[in-house]
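In what follows, a single structure is set out as structure tokens and then discussed.
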């Protein structure tokens, strides 16, 4: 376990360095925004395209894994939603809190860190989990918030969801990569080297950007943030693990990967959604901060456990 902790420590150290840079204003809010944009649109997209272009969708797709991840995630989503309704939250706020409980930082933290810790063969299950988060749950929160405000599910809402998915560079990169792979087109050496060079910036850039953005966020309702962090770091990997290992019989290695993915801290894009819709952004930022801090320990414990499978 200590060995795994020491392997994860450099990743969180880069996050800490970014936090210091943002906190001291050595990295301004504008600089952080542009670094995040570079990672999101260029470095991470290059990494995901290169990974998926060298994979076959038929080899990556695992129905049992998809159902297990959906079941475990939906179960925790339901728990967080039930607790929210018992506290008297309205639908938009409840949807944001439930999103915090199940959507981890798979793109910026999971892809670069878990592929190094668990091996390159982990990229298939990671990509599947990331696609489910982006397509299913990112669409669900838009439906819940917009539907609650408009009183109905409109064609305009469905169109905006579709446009939003098409504009997401991670979805575009993964889809283009699988299309490239399906056409059996070899990646030319110069292009592969270009993607490797650009994608290599994703890991340090994403981690630094996470830390710098955390330093710029305000926080409130720390008890609620603690509850949401518990859901994300403990309940989510627990129920995904129960579903994968006992209910649906997922391959042990793949099960370990999606359990590790489920143990990641709250994703930054939840804050972007909260800010966009004006629903409890400070509460979300507190959950992101707390879950990221505690994940230094919990992610190491979970990764150390799943490597025994």
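What is the spread of the Cα atoms of the stretch 269-309 along each of their three principal axes, largest first, in whole Å?
43, 17, 9
Treat the stretch 1-141 as a sphere of radius equal to its Kirkwood radius over Cα pairs and apply Stokes-Einstein at 4 °C in a medium of 1.567 mPa s; give the translational diffusion coefficient in µm²/s, rounded to a whole number. Don't skip to the answer; put the middle values down first.
Numbers: Rh = 17.5 Å.
Result for D is 74 µm²/s.
In Å and from the alpha-carbon atoms only, list the Rg and Dmax of the stretch 68-119.
14.1, 44
Between 76, 39, 172, where does the largest GNM mean-square fluctuation fall for the chain, given springs only between Cα atoms within less than 10 Å?
For the chain, modelled as a Gaussian network with Cα springs under 10 Å, the answer is 172.
Per DSSP H run of at least 4 residues, take -39500 (n - 2.57); add these up for the chain, divide by its residues and hand me the 222 nm value, nearest 500 deg cm²/dmol.
Numbers: 18 runs with 228 residues, N = 309.
Roughly -23000 deg cm²/dmol at 222 nm, from the helical runs in the chain.
Give me the percent of Cα-Cα pairs in the stretch 1-60 that sit more than 16 Å apart, rounded to a whole number.
Working: 1154 of 1770 pairs.
Tail of the P(r) past 16 Å holds 65 percent of the pairs.
Note the per residue figure in Å³ for the convex hull of the C-alpha positions in the stretch 207-309.
Numbers: hull volume 10.8 nm³, N = 103.
In the stretch 207-309, the Cα convex hull volume per residue is 104 Å³.
In the calculated pair distance distribution of the stretch 185-265, what percentage of Cα-Cα distances lie above 14 Å?
76
Restricting to Cα pairs below 8 Å that are 6+ residues apart, what does the relative contact order work out to for the stretch 90-209? Please round to a whole percent. If you can, show how the numbers build up before the last one.
Values: 50 pairs, mean separation 41.6, N = 120.
Reported relative contact order: 35 percent.
For the stretch 2-306, what is the Kirkwood estimate of the hydrodynamic radius, computed as the reciprocal of the mean inverse distance between distinct Cα atoms, to one decimal in Å? Can you show the working numbers first?
Details: mean 1/r = 0.0514 Å⁻¹.
Result for the stretch 2-306 stands at 19.5 Å.
Remind me, relative contact order of the chain in percent, using alpha carbon pairs under 8 angstrom and six or more residues apart? Mind dumping the intermediate values first?
Values: 456 pairs, mean separation 111.2, N = 309.
Result for the chain is 36 percent.
Every read-out reported here was derived from the displayed coordinates using simple, explicitly stated rules and does not represent laboratory data. Only a predicted model underlies this, so the values are computations on that prediction, with no experimental measurement involved.
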